[in-house]
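Colleague: Would you mind keeping the following structure in view while I ask a few things?
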Amino acid sequence: MVNAVKGLYLSCNIPMAQFIINMNASLPQSQKFIIHFLDNMHLFVRSDMAGMIRSAISDFRDANTYEKPV
């Protein structure tokens, strides 16, 4: 019998993939969103968590962006 899971294929660079993996690891088991690690730069995640992942990445980028002082 075939088991199918609906999800999203994420392709990103290695540091961003590690950020997503660490974010997933910090959640309780019932909220984990990574379905399968494909390789260092590709992940298969639950499709209902796309908005949460995008907002976490946006917050991470905003927090780690250098702005030249005036």
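Every number here is computed from the coordinates shown, using simple stated rules; none is lab data. None of the values given here were measured: they were computed from a predicted structure. So basically every Cβ, Gly included, is an ideal-geometry build from the backbone, and we count neighbours across all protein chains shown.
Colleague: Calculate, in nm to one decimal, what Ser26 and Arg54 gain on full extension: separation in residues at 0.36 nm each, minus their alpha carbon distance.
Modeller: Residue separation times 0.36 nm, minus the Cα-Cα distance, leaves 8.4 nm.
Colleague: Just going by the charge dipole of the chain, with Lys and Arg at +1 and Asp and Glu at -1 on Cβ, which of Ile34, Met1, Asn13 is farthest out on the positive end?
Modeller: Checked the options; the winner is Met1.
Colleague: May I have the extent of the alpha carbons of the chain along their three principal axes, as whole Å values ordered from largest to smallest?
Modeller: Extents along the principal axes: 63, 23, 17 Å.
Colleague: Let's see if you can work this out: charge +1 on each Lys and Arg Cβ, -1 on each Asp and Glu Cβ, no other charges. What is the dipole magnitude of the stretch 7-63 about its Cα centre, in debye to the nearest 20?
Modeller: 80
Colleague: Going by alpha carbons, how many degrees (0 to 90, nearest 10) lie between the helix axis of 50-63 and the longest principal axis of the chain?
Modeller: Taking Cα atoms only, the helix is inclined about 20 degrees.
Colleague: Figure the gain on full extension for Leu8 and Ala63 (residue separation times 0.36 nm, minus the Cα-Cα span) and round it to one decimal in nm.
Modeller: 17.2 nm
Colleague: Once the Cα atoms of helix 14-25 and of the chain are each reduced to a long axis, what angle between those two axes, in degrees from 0 to 90 to the nearest 10, is obtained?
Modeller: Once rounded, one gets 60 degrees.
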